[in-house]
């Protein structure tokens, strides 16, 4: 058994999906290998100048606000993470002794027996290549150059809806995934792209690591109505946040990466307010849930509509209980939808910036309900959401139990993610 470094342990940002799946994946890996090091999301996003000369010039600028802004500008212009992954890796190794962050990153890799990169939803072949994807590929390359086994796991691989595939990114990912020791993706649609990519390493497909928590060992099972309102309050503990007891049937509504990636917030406003009206017409209480910083627009809408608002800063275990005990959940968010499913909450699947919601429906099979993910651009989308919410309610306890059982079945599969890393557990493709 070798100690592991977990790259993209994303629990250091507010996003519920980042926190929840990172907790789940860390727990799986720690039980099998021991996780002795982590690279967080804030480190992934950190800008560092590649040139020692640029860094030294920045250090001479003093500590004023203007000096800090100039240093940040230099770091962005001379960012060590570039589209040339091999060159970026050489920079990190060459400059490690002059840069504390580079030294820390390399030292953490040198101290472990294997490197595991949590791919999540970064590998999208959109026109502008994502920097977090470049960082992930950089870590795979650093591990290779340091002679460490490297695995890319719990990942989605997707085209960007409505745009031509970025083949430069596609080929780059194929090359670097082929150089690592193994790749495990979280859905069958990603696995199909992985096969099309013709990656020359061990590949497998298993449900997202978050499903492994369906056994209740990580996320405790409780109803938020059983907790005093003060115990549900997020940081900072402001009096107008989470003062409601959740003791009446409620429907949670969150956003989608669709809005942020296309800057369609006016469209989001019309949709959200329309859905609130239909939920109230059905005799239910609507609750806006910001499961991601990209859902911040929901807070002013909640005040405008007189709707209860759950902020992104909410404790993730409380958040899971709120979603898992809702009458229904309307969302284009992947991991929050899994959290809701763990509690048996029927979900209305909305479109996103990738195939992630469609792929999640495939795992849930008949228990997903409806006939597919709904498009915000459909002129009848609000009526379609209302119909699915009412259908969810008509399913009663039986449907909720079937959803929980399906989640437990998927959880047994997700719990075998470490088997795809441990060389003692076979090889090849697992199309679960």
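Would you call residue 341 part of a loop (DSSP other than H, G, I, E, B) and either closer than 22 Å to residue 373 by Cα or touching a strand residue (DSSP E or B) at 6+ places or on another chain (Cβ under 9 Å) (or both)?
On the way: part of a loop (DSSP other than H, G, I, E, B): no; either closer than 22 Å to residue 373 by Cα or touching a strand residue (DSSP E or B) at 6+ places or on another chain (Cβ under 9 Å) (or both): yes.
Answer is no for this residue.
Out of all the residues in the stretch 347-354, is one or more touching a strand residue (DSSP E or B) at 6+ places or on another chain (Cβ under 7 Å), over 23 Å from residue 274 (Cβ atoms) and outside any helix (DSSP H, G or I)?
yes
Restrict the check to the stretch 197-211 and report whether at least one residue is assigned to a helix (DSSP H, G or I), closer than 30 Å to residue 386 by Cα and at pLDDT 95 or above. Before the answer, list the steps.
Going residue by residue through the stretch 197-211, those that are assigned to a helix (DSSP H, G or I) are 197, 209-211.
From what's left, closer than 30 Å to residue 386 by Cα: 210-211.
Now narrow it down to the ones that are at pLDDT 95 or above: 210-211.
The answer is yes; a qualifying residue exists.
Do we have any residue at all in the stretch 212-228 that's part of a loop (DSSP other than H, G, I, E, B), surrounded by 22 or more Cβ atoms within 10 Å (Cβ to Cβ) and either over 23 Å from the mean Cα position of the chain (by Cα) or at pLDDT below 95 (or both)? Step through it out loud before you land on a result.
Residues of the stretch 212-228 part of a loop (DSSP other than H, G, I, E, B): 216-223, 227-228.
Still in the list and also surrounded by 22 or more Cβ atoms within 10 Å (Cβ to Cβ): 219.
If we keep only those that are either over 23 Å from the mean Cα position of the chain (by Cα) or at pLDDT below 95 (or both) as well, we get 219.
Checked the stretch 212-228: at least one residue is part of a loop (DSSP other than H, G, I, E, B), surrounded by 22 or more Cβ atoms within 10 Å (Cβ to Cβ) and either over 23 Å from the mean Cα position of the chain (by Cα) or at pLDDT below 95 (or both).
Just to be sure before I move on: is residue 377 touching a helix residue (DSSP H, G or I) at 6+ places or on another chain (Cβ under 6 Å), under 22 Å from residue 162 (Cα atoms) and modelled with pLDDT under 95 in the structure I sent?
Details: touching a helix residue (DSSP H, G or I) at 6+ places or on another chain (Cβ under 6 Å): no; under 22 Å from residue 162 (Cα atoms): yes; modelled with pLDDT under 95: yes.
No.
Go through the stretch 271-301 and count every residue that is under 16 Å from residue 382 (Cβ atoms) and in a strand (DSSP E or B).
Here is the first cut: in the stretch 271-301, the ones under 16 Å from residue 382 (Cβ atoms) are 271-282, 284, 286, 288, 301.
This time we only want the ones that are in a strand (DSSP E or B), so: 286, 288.
Residues flagged as under 16 Å from residue 382 (Cβ atoms) and in a strand (DSSP E or B) within the stretch 271-301 amount to 2.
Inside the stretch 1-109, counting only helices (runs of 4 or more DSSP H) that do not spill past its ends, which hold 3 or more residues that are at pLDDT 95 or above? Reasoning before the result, please.
Values: elements: 16-32, 41-45, 52-59, 65-77, 85-95.
Per the criteria, 16-32, 85-95.
Within the stretch 156-174, identify whether any single residue is in contact with a helix residue (DSSP H, G or I) (Cβ under 8 Å, 6 or more places away or on another chain), surrounded by fewer than 18 Cβ atoms within 10 Å (Cβ to Cβ), free of Cβ contacts under 8 Å to residues at least 40 places away in the same chain and closer than 24 Å to residue 359 by Cα, and answer yes or no.
Yes; the residues of the stretch 156-174 include at least one that is in contact with a helix residue (DSSP H, G or I) (Cβ under 8 Å, 6 or more places away or on another chain), surrounded by fewer than 18 Cβ atoms within 10 Å (Cβ to Cβ), free of Cβ contacts under 8 Å to residues at least 40 places away in the same chain and closer than 24 Å to residue 359 by Cα.
Can you tell me which condition residue 385 does not meet? The list is (1) at pLDDT below 95; (2) touching a strand residue (DSSP E or B) at 6+ places or on another chain (Cβ under 8 Å); (3) within 30 Å of residue 41 (Cβ to Cβ); (4) in a helix (DSSP H, G or I), and all the others hold.
(3)
With respect to residue 378, is the statement that it is closer than 30 Å to residue 33 by Cβ and outside any helix (DSSP H, G or I) true? Steps first, answer last, please.
On the way: closer than 30 Å to residue 33 by Cβ: no; outside any helix (DSSP H, G or I): yes.
Taking the combined requirement at face value, the residue does not satisfy it.
Only one of 304, 365 is at pLDDT below 95, closer than 22 Å to residue 215 by Cα and part of a helix (DSSP H, G or I); which? Walk me through it before giving the result.
On the way: 304 fails: closer than 22 Å to residue 215 by Cα.
Criteria check complete, one pass: 365.
Within the stretch 1-48, how many residues are over 21 Å from residue 255 (Cβ atoms) and under 18 Å from the mean Cα position of the chain (by Cα)? Walk me through it before giving the result.
Quick first cut of the stretch 1-48, residues over 21 Å from residue 255 (Cβ atoms) only: 1-9, 12, 23-40, 42-44, 46-48.
If we keep only those that are under 18 Å from the mean Cα position of the chain (by Cα) as well, we get 6-9, 12, 23-29, 38-40, 42-44.
Counting residues in the stretch 1-48 that are over 21 Å from residue 255 (Cβ atoms) and under 18 Å from the mean Cα position of the chain (by Cα) gives 18.
The values are calculated or read from the model by the stated rules, or taken from the named source; none is laboratory data. Note that the coordinates shown come from a computational prediction; the quantities given were computed from them, not determined experimentally. For neighbour counting, all protein chains shown are included, and Cβ atoms are generated from backbone atoms with ideal geometry for every residue, glycine included.
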